[in-house]
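Written below as structure tokens is the structure these notes are about.
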Amino acid sequence: MKNQILSLGLAIGLATGAHSGTLDFTSYYAFGDSLSDDGKLVQLAPPSVGGRFSNGPVWTEIIADRFRAARKETQNYALGGATAGNTNTTDYSGGGAVPPAQVAALTALSTFQNQAATFAATVGNAGSNPLVSVLFGANDFFQQLGTPEFNPVRTAAEVIDGIRAVATTGAHFDDFLVSNLPDISRTPAFNAELVVAQATLAALKLDPTADPADIAVAEGTVATLSDRAAAIQGASLLFNAELENGLQKLETDDGLTITRVDQFSYFNDLIDRADTLGIVDTIFPCTTSLRVLQVAGNCSFVGLDADGQPLFDPTRADQLLFADGVHPNRIAQSEFAKFALSRIESQIPAPVPLPAGLPLMLAGLGALGVIARRRRAA
């Protein structure tokens with residue numbers, strides 16, 4: 001009976017000649033920060049949905065859905081605010097409002113090394129060919145920028161160290177999907193204020209009655225903000241270059257298989273084609289913060305209920321690329337998931353093309369083999 005099934009299965013497999021992309025992997029595990037977090041911080045404010053740093057599912061959830069649909073193990077260890085390095089200044093206590101047990105659970109995921117340790121202690125049925133995604137580095141930038149501790153080269157090395165830590169969990173953990181950082185200077189946190197300052201300066205220069213002192217101040221503001229944007233862009237590029245160097249060493253020295261996701265290029269392309277996705281604003285965010293409830297200036301605010309409480313519609317954030325100063329909306333997350341999935345599938349060898357008509361013939365031969373064996377058995 002096993003031979004009968006094998007004959008038919010082989011014939012059908014050859015006939016289809018298809019590869020299944022993510023389904024070639026036996027499980028999926030996500031490591032990272034808020035861009036990959038599936039909703040562990042439930043207290044976030046609108047337009048956040050389900051505790052996510054977005055108004056809908058993030059890219060790692062969309063990839064995980066592929067695995068769940070095939071009844072395969074998935075787990076998400078990513079946490080908003082998590083850092084690549086072992087120093088993290090994020091306050092997970094919520095000013096004392098979060099229960100100590102929950103704070104401990106969050107702290108256990110607050111750095112890449114912590115996530116790797118938690119993973120090693122809790123990983124389930126990974127199978128023989130698990131896939132691991134990694135996206136870290138932005139929070140190290142945000143927490144250290146402007147301080148002596150800021151070091152993109154070190155942060156990239158800490159991402160590499162984290163990948164190695166995950167790989168040591170078992171020899172079968174050798175397939176990694178690794179994303180670099182986007183151009184952080186193009187996020188509202190670093191770009192919106194500059195755009196406003198540039199517009200203010202332009203208006204002053206067009207005003208014949210403008211005070212030269214005001215123009216000088218505006219020019220100074222534009223210069224300062226431009227320098228800050230240039231610095232964060234340079235840091236992003238330096239981090240990405242060092243990350244690539246480290247990934248190459250993981251391949252040559254550690255024997256790991258690394259599939260790269262060039263988020264830097266993807267993000268710039270997404271901004272250029274945002275209008276094709278129904279996004280009308282790529283500069284200003286829906287709200288300035290997802291950690292503090294804001295009504296004024298929140299694009300998702302739609303009015304008050306009968307008790308005078310604010311009502312929000314998170315879908316309104318679909319029209320703005322960013323949910324807050326640094327986090328993209330659900331449309332951008334969905335597009336990034338598609339991009340990442342395309343990178344996974346591009347690394348799987350294409351099937352050998354079969355002559356026309358041969359697929360059906362092979363399937364037919366497989367079926368005939370089953371019938372012949374049944375007759376002999378009878």
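The values are calculated or read from the model by the stated rules, or taken from the named source; none is laboratory data. This is a predicted model, so every value here is computed, not measured. Here the Cβ is made from the backbone with ideal geometry for all residues, glycine too, and neighbour counts use every protein chain on show. Please note that ligands, DNA and RNA were not included when accessible areas were found on the heavy atoms of the full protein model with its side chains. Shrake-Rupley method; radii C 1.70, N 1.55, O 1.52, S 1.80 Å.
How many of the residues in segment 199-229 are open to solvent by less than 60 Å² (accessible area, probe 1.4 Å) and closer than 28 Å to Val159 by Cβ?
Counting residues in segment 199-229 that are open to solvent by less than 60 Å² (accessible area, probe 1.4 Å) and closer than 28 Å to Val159 by Cβ gives 1.
Taking segment 150-184, which residues are small (Gly, Ala, Ser) and surrounded by fewer than 20 Cβ atoms within 10 Å (Cβ to Cβ)? Before you say what the answer is, go through the steps one by one.
Looking only at segment 150-184, we keep the residues that are small (Gly, Ala, Ser), and these are 156-157, 162, 165, 167, 170-171, 179.
Across segment 150-184, the qualifying residues are Ala157, Ala165, Gly170, Ala171.
Restricting attention to segment 94-113, which residues are over 19 Å from Phe176 (Cβ atoms), among the aliphatic types (A, V, I, L, M) and either within 22 Å of the chain's Cα centre (by Cα) or open to solvent by less than 40 Å² (accessible area, probe 1.4 Å) (or both)?
Going residue by residue through segment 94-113, those that are over 19 Å from Phe176 (Cβ atoms) are 94-108, 110.
Okay, now just the ones that are also among the aliphatic types (A, V, I, L, M), so 97-98, 101, 103-106, 108.
Listed by number, the residues that qualify are Val98, Val103, Ala105, Leu106, Ala108.
Report yes if Val196 is of a type in the set (Val, Ile, Thr), open to solvent by less than 40 Å² (accessible area, probe 1.4 Å) and out of contact with any Pro (no Cβ under 9 Å at 6 or more places or on another chain), otherwise no.
On the way: of a type in the set (Val, Ile, Thr): yes; open to solvent by less than 40 Å² (accessible area, probe 1.4 Å): no; out of contact with any Pro (no Cβ under 9 Å at 6 or more places or on another chain): yes.
So Val196 does not fit the description; no.
List the residue pairs whose Cβ atoms are under 6 Å apart, where the first residue sits in segment 185-200 and is assigned to a helix (DSSP H, G or I), the second is hydroxyl-bearing (Ser, Thr, Tyr), and the two are 6 or more positions apart or on different chains.
Once the first residue is assigned to a helix (DSSP H, G or I) and sits in segment 185-200, its partners that are hydroxyl-bearing (Ser, Thr, Tyr) give Ala197/Thr221.
So, Ala116, is that one buried (at least 18 other Cβ atoms within 10 Å of the Cβ), outside any helix (DSSP H, G or I) and of a type in the set (Gly, Ala, Ser) or not?
no
Of everything in segment 74-86, what is within 19 Å of Ile163 (Cβ to Cβ) and in a loop (DSSP other than H, G, I, E, B)? Give them in sequence order. Talk me through it step by step, then tell me what you get.
First, the residues of segment 74-86 that are within 19 Å of Ile163 (Cβ to Cβ): 74-79, 82-86.
Those that are within 19 Å of Ile163 (Cβ to Cβ) and in a loop (DSSP other than H, G, I, E, B): Tyr77, Ala78, Leu79, Ala82, Ala84, Gly85, Asn86.
How about segment 127-185: which of its residues are polar (S, T, N, Q) and under 16 Å from Tyr28 (Cβ atoms)?
If we filter segment 127-185 for residues that are polar (S, T, N, Q), which is where we start, we get 128-129, 133, 139, 143-144, 147, 151, 155, 168-169, 179-180, 185.
Selection gives Ser128, Asn129, Ser133, Thr169, Ser179.
Given Ala350, Ala363, which one is at pLDDT below 95, open to solvent by 70 Å² or more (accessible area, probe 1.4 Å) and farther than 21 Å from Leu79 by Cα?
So the residue among Ala350, Ala363 that is at pLDDT below 95, open to solvent by 70 Å² or more (accessible area, probe 1.4 Å) and farther than 21 Å from Leu79 by Cα is Ala350.
Could you grab the pairs with beta carbons closer than 7 Å, sequence gap of 6+ or different chains, first residue in segment 316-340 and closer than 14 Å to Ile63 by Cα, second one β-branched (Val, Ile, Thr) and open to solvent by 10 Å² or more (accessible area, probe 1.4 Å)?
Ser334/Ile62; Ala337/Ile62
Do you know which of the residues in segment 281-322 that are more than 22 Å from the chain's Cα centre (by Cα) and aliphatic (A, V, I, L, M) is least open to solvent (accessible area, probe 1.4 Å)?
Only one residue fits best here, namely Val295.
Residue-by-condition table, conditions (1) closer than 24 Å to Asn86 by Cβ; (2) part of a loop (DSSP other than H, G, I, E, B):
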position: Ser34; (1), (2): yes, yes
position: Asp38; (1), (2): yes, yes
position: Leu41; (1), (2): yes, yes
position: Arg52; (1), (2): no, yes
position: Gly56; (1), (2): no, yes
position: Glu61; (1), (2): no, no
position: Asp65; (1), (2): no, no
position: Arg71; (1), (2): no, yes
